[in-house]
Amino acid sequence: MAEVILYVYDVTISSSGYETTNYALVQLNNVCKQVIPIGGVFHTAVQIYGDEEWGYWQCDKGSGVYSCPAGKNLSYTYRERIVLGRTNCSATKRLGVPKLPSWVNRFADVGDTACEAVRTLQKTKDEMLAAGKEAYKNAINTAIKTPKSLISLSKGNRLRTEQFKPKYFAGRIAGPDAETSNK
């Protein structure tokens, strides 16, 4: 059996000149984890077999999975070590321990949700713009094809029914017997 250990780090900037920002991030994490228990901005890695922890870093090449000495990741500020339990599994199988504490990735999950919402809103905006352009184009095409007598209606002119009667019916109403009685 092997112990499964989660290493939690505050996400900070390792370059010099960011001491104030790093301090603010650590304090934000303290408040968000301990006072308001909602989580924070954390990086995590797992140690199972051996003396190395394994983490993930987003990258353009490779898998992004890396290892370093357990609890010694120099890219972040070490916060705490959490024993998740023990596993009977070998190094090649699922661990069989409980999920990570929910506060560990809560900010990342909220960020993912926000990014997805922004993508959805952008897509909706693009579709609405396309629909609006199509409606405008159709309105222009319809206006070009509309008879001038109908366009004059929009300018306040009254429509007279004589404008739409066929010429041979002008001045009289044709009923079913109208044509036969004239013969």
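Assorted remarks:
- By the rule of a C-alpha distance below 13 Å, with chain neighbours fewer than 8 residues away ignored, the aspartates and glutamates paired with K72 are D10, D51, E52, E53, E80.
- Using θ = phi - 60° in the Karplus curve 6.51 cos²θ - 1.76 cosθ + 1.60, the 3J(HN,Hα) couplings for segment 21-31 round to 4, 4, 4, 5, 5, 5, 5, 4, 4, 4, 5 Hz; x is entered for Gly and Pro.
- Where E53, E3, E116 fall by accessible area, highest first, once all protein chains stay in place (1.4 Å): E116, E3, E53
The values are calculated or read from the model by the stated rules, or taken from the named source; none is laboratory data. Every value quoted in this text rests on a predicted model; they were computed, and no experiment measured them. Side chains are part of the model used for accessible areas, which takes the heavy atoms of the whole protein and leaves out ligands, DNA and RNA. Shrake-Rupley method; radii C 1.70, N 1.55, O 1.52, S 1.80 Å.
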